Amino acid sequence: MDNLAQLGAAIAAPPFYLPQGKECELFELAWRQRLPLLLKGPTGCGKTRFVAHMAARLGLPLQTVACHDDLTAADLTGRYLLKGGETVWVDGPLTHAVRVGGICYLDEVVEARKDVTVVLHPLTDDRRLLPLERTGEILEAPPEFMLVVSYNPGYQNILKSLKPSTRQRFVAIELDFPRPELELRVVAAESGLDPERVRPLINLASRVRSLKGLDLEEACSTRLLVYAASLMQAGFDPVLAIEHAIIEPLSDDADVKAGLRELVRASI
Ligand code: ADP
């Protein structure tokens with residue numbers, strides 16, 4: 001990055017994040033105290049945005065990794081690759097964050113293969129070490145480095161849960177969808193839609209979330225509300241915006257979708 005670009009990045013405002021409580025203070029304290037952080041909460045409630053906001057606020061580079069069931073420790077630490085006939089070591093995102101002193105955010109960490117926890121353990125106690133078996137290096141994390149992981153407790157099953165011995169290495173914050181008055185501000189700010197036109201979406205979300213009978217795998221997220229509001233702000237019909245940004249993404253089941261449409265009629 002040249003100097004001008006660095007200056008631009010440094011003065012760019014952090015991405016918008018409206019706190020639900022004291023999470024920003026807690027994040028900063030955890031970073032200063034060199035403690036790893038665990039974020040729990042449903043999909044689309046603002047975890048990724050929160051981390052991006054805090055990284056920018058603290059002026060730290062951020063590596064975000066969306067974990068999946070094929071993700072191995074080597075994907076995080078790095079591997080030897082063939083480049084122009086030579087094998088060269090290429091740092092993975094975790095190693096990079098340790099080397100430069102930034103934040104490494106592992107989203108949905110429970111999805112990753114079990115060998116990932118082996119790499120995380122020495123990094124999450126007071127040693128703060130990252131052993132790179134392949135190169136024989138042992139990296140000591142600088143004070144600026146922070147490990148942040150997240151998972152969605154709603155997805156948990158016996159096979160995919162964070163072991164207590166791993167969980168107990170983190171300071172933890174539980175996030176949920178923002179309270180209605182906060183969520184209204186978030187959706188209005190993100191979409192540019194007038195708050196009075198956002199309100200029916202918030203009412204609809206409360207109704208959908210409080211329904212226990214509907215067989216939904218996931219709750220209606222803040223993200224989906226932002227999508228619906230953005231379509232409305234662009235001039236799309238509200239009922240159609242809700243259909244395509246909320247109902248269709250939430251379910252494939254015709255009966256469930258019919259139930260959701262009834263709630264829409266009652267809410268807007
Ligand atoms: P998660 O990582 O929990 O799945 P995201 O961080 O991607 O969710 O959030 C989804 C979207 O919801 C964001 O892109 C943002 O538009 C909005 N959002 C949710 N909560 C907030 C908040 N507190 N402040 C600002 N935007 C938010």
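Please treat every number below as a calculation from the coordinates, not as lab data. Here the structure is a predicted model, which is why all the values come from computation and not from measurement. Neighbour counts run over all protein chains shown; Cβ positions are idealised from the backbone, glycine included.
Details
- GNM result for the chain, Cα springs below 10 Å: residue of 87, 77, 43 fluctuating most strongly: 87
- When you filter the GluC sites (Glu not before Pro) in region 164-234 for DSSP loop state and at most 14 other Cβ atoms inside 10 Å of their Cβ, you are left with 217.
- Entry note: region 82-226 has Rg to Rh equal to 1.10, where both radii use alpha-carbon atoms and Rh is the Kirkwood radius.
- Derived scalar couplings ³J(HN,Hα) [region 162-173; Karplus, 6.51 cos²θ - 1.76 cosθ + 1.60; whole Hz; x for Gly, Pro]: 7, 5, x, 5, 7, 4, 6, 9, 10, 7, 10, 10
- By the equivalent-ellipsoid construction on the alpha carbon gyration tensor, the chain comes out with semi-axes of 38, 22, 18 Å, ordered largest to smallest.
- Ranked list, fewest to most other Cβ atoms within 10 Å of each Cβ, for 236, 50, 170: 236, 170, 50
- Eligible lysines near residue 163 by straight Cα distance, threshold 25 Å, same-chain separation 8 or greater: 40, 47, 114
- Under conditions of 25 °C and 0.890 mPa s, region 53-113 yields 194 µm² s⁻¹ as its translational diffusion coefficient, taking Rh as the Kirkwood radius over Cα pairs in the Stokes-Einstein equation.
- For region 206-237, trypsin sites (Lys or Arg not before Pro) meeting the loop criterion (DSSP other than H, G, I, E, B) and having at most 13 other Cβ atoms within 10 Å: 212.
- Local electrostatic count at residue 132 - Lys and Arg +1, Asp and Glu -1, tallied over other residues with Cβ under 11 Å: 0
- Among beta bridges that DSSP assigns inside the chain, antiparallel share in %, nearest 5: 35
- Extending 7 Å from the Cα toward the beta-carbon at both residue 121 and residue 214 defines two label points whose distance is 4.4 nm.
- 224, 184 arranged by Cβ crowding within 10 Å, fewest neighbours leading: 184, 224
- For 75, 125, order by how many other beta-carbon atoms lie within 10 Å, fewest first: 125, 75
- With both residues required to sit in region 101-242, DSSP beta bridges show an antiparallel share near 50%.
- nm² value of the averaged projected area, convex hull over the Cα atoms of region 4-94: 8.8
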